[in-house]
Amino acid sequence: MAGFLDEITPAGTIVQSLALPTGAPSPSTRRPHSGRPMSIATSKRRAPTIGNGRFAIDLAGRSNIVVRGFAFERFAGGNGAVREGVGVLNNGGQSQGIAIVNNKFRNSSLFNGQGVITLRNVSGLKITGNEIREIERGSGVRLGAAQDVSIENNRIERVGRTGIALLGVANSTIRGNRLAQITGVHGNAITLYLNNRGALVEANTVTRSTRPMTFHGDKSAPGPGDHNFVITHNVFVADADGIAALISWGANTRGVTITGNILIGPKGGIRLTPSDTGITIANNISSGLTVTGARPGDWKVGGDRDVNARQMEATLAQGGPLPADVCANLKAAPGTAIGADWRCP
């Protein structure tokens, strides 16, 4: 991949982990517990590390690295053990130019609630084409103190905590992902918390999940300016235990545009709070809008179509192109992706 100097590519599977000394030569080959070879190709700079029983790959502040084609299986992380069980980790210095592409993370137990991908202090990050499933008590992707992030075309199913969590990230795109069966106590499929700035959430599909998407504002770390969230052309369907498909927990979120989505939930499509300001809601198909108090005067709301949830779910279940009247309500041009699975004719 152009622009990336180091590449980590396996010929096998990491089952738990093994140790690779930071002074290992380049390239270097070790055999994981599966007995199949795993090649680690790096530049002459210090090599990334493969974990010592607690985690798998620690970027440790290195830059320009691609992690491609691994299967991370049967990891475990205990309560309070921040790094245990994590597949790809950076909790150290600043990393940039990182790509995590076409890996499988599965059948792990993370009682610490961490993500199988947990990264801080990263810029220029791409997380693309990965499969994450069957993660007990843990999350899929957790990012903090990051910027210029793209999370696209991943499949995340049956994780016990949050599917994709952005916690203080600037300039992010979450697009074309499929998330399902995320139903834990803190099991939000997509979350924007703790002072994010500039997030585009576009053309994702979330189904059979209790809270398809949640967001809030600065909370305990107030900052200047708007949050600038754009949530568009998604399909979010909450399960019977949910409240709504798209939920704000308040904390003074400023600047949110919600347009052209299909938002279905048992008690409403959208649930917002009076502390949210600079809200635009238009051209959605939803189960309705709920506000937990008086609606602020600066909101712009119009053009939404309220629908029967079961009827809309039946339409989606048919697959193929969406009916023309649905796309007309969404104000979506021909060929526009609606969720990760449908297009307008």
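The values are calculated or read from the model by the stated rules, or taken from the named source; none is laboratory data. Given the structure is predicted, the values throughout are model-derived calculations rather than measurements. Every residue, glycine among them, receives a Cβ derived from its backbone with ideal geometry; neighbour counts consider all protein chains shown.
Results, tabulated for the structure shown:
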item: Filter result for the condition that a residue is over 10 Å from the mean Cα position of the chain (by Cα) and over 24 Å from Ala76 (Cα atoms), over Gly187, Gly176; result: Gly176
item: Criterion (at pLDDT 95 or above and under 28 Å from Trp342 (Cβ atoms)) met by exactly one of Ala165, Ala146, Ala170; result: Ala165
item: Pair list, Cβ under 6 Å, 6 or more apart: the stretch 82-108 residue within 17 Å of Arg137 (Cα to Cα), other residue of a type in the set (Ser, Thr, Tyr) and in a strand (DSSP E or B); result: Gly85/Ser108; Val86/Thr118
item: Those residues of the stretch 126-136 which are surrounded by fewer than 21 Cβ atoms within 10 Å (Cβ to Cβ) and within 17 Å of Glu84 (Cβ to Cβ), in sequence order; result: Glu136
item: Flag for Ala314 being over 22 Å from the mean Cα position of the chain (by Cα) and closer than 30 Å to Gln147 by Cα; result: no
item: Complete set of residues in the stretch 311-345 that are within 16 Å of Gly176 (Cα to Cα) and of a type in the set (Ser, Thr, Tyr); result: Thr336
item: One residue from Pro266, Pro224 being part of a loop (DSSP other than H, G, I, E, B), under 17 Å from Arg310 (Cα atoms) and more than 16 Å from the chain's Cα centre (by Cα); result: Pro266
item: Selection within the stretch 301-324 - closer than 29 Å to Gly250 by Cα, of a type outside the set (Gly, Ala, Ser) and surrounded by 11 or more Cβ atoms within 10 Å (Cβ to Cβ); result: Val301, Asp304, Arg305, Asp306, Val307, Met312, Glu313
item: Test: residue in the stretch 292-315 that is farther than 23 Å from Asp218 by Cβ and among the aromatic types (Phe, Trp, Tyr); result: no
item: Top-ranked residue of the stretch 130-165 - restricted to ones that are farther than 11 Å from Phe105 by Cβ and among the aliphatic types (A, V, I, L, M), ranked as farthest from the chain's Cα centre (by Cα); result: Ala145
item: Strands (runs of 3 or more DSSP E) fully within the stretch 129-216 counting 2 or more residues that are of a type in the set (Val, Ile, Thr); result: 131-136, 139-152, 155-159, 164-175, 188-193, 205-209
item: Residue match in the stretch 97-104 (condition: assigned to a loop (DSSP other than H, G, I, E, B), closer than 13 Å to Leu119 by Cα and in contact with a Lys or Arg (Cβ under 7 Å, 6 or more places away or on another chain)); result: no
item: Residue satisfying all of: in the stretch 277-300; farther than 16 Å from Asp239 by Cα and polar (S, T, N, Q); surrounded by the fewest Cβ atoms within 10 Å (Cβ to Cβ) among these; result: Thr292
item: Residue ID - surrounded by the fewest Cβ atoms within 10 Å (Cβ to Cβ), chosen from residues in the stretch 105-125 that are on the phi > 0 side of the Ramachandran plot and in a strand (DSSP E or B); result: Asn107
item: Test set (1) surrounded by 15 or more Cβ atoms within 10 Å (Cβ to Cβ); (2) within 26 Å of the chain's Cα centre (by Cα); (3) assigned to a loop (DSSP other than H, G, I, E, B) - Cys327 fails condition number; result: (3)
item: Pair list, Cβ under 7 Å, 6 or more apart: the stretch 226-255 residue under 20 Å from Cys344 (Cα atoms) and touching a residue at least 60 places away in the same chain (Cβ under 8 Å), other residue buried (at least 19 other Cβ atoms within 10 Å of the Cβ) and polar (S, T, N, Q); result: His233/Asn261; Asn234/Asn204; Asn234/Asn261; Val235/Thr205; Val237/Thr207
item: Members of the stretch 220-231 found to be surrounded by fewer than 21 Cβ atoms within 10 Å (Cβ to Cβ) and either small (Gly, Ala, Ser) or touching a strand residue (DSSP E or B) at 6+ places or on another chain (Cβ under 9 Å) (or both), listed by number; result: Ser220, Ala221, Gly223, Gly225, Asp226, Asn228, Val230
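Residues are listed down the side, and each one gets a yes or a no for (1) crowded, with 20+ Cβ neighbours inside 10 Å; (2) at pLDDT 95 or above; (3) under 20 Å from Gly129 (Cα atoms):
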position	(1), (2), (3)
Ile156	yes, yes, yes
His186	no, no, no
Ala189	yes, yes, yes
Leu194	no, no, no
Ala203	yes, yes, yes
Arg211	yes, yes, no
Asp218	no, no, no
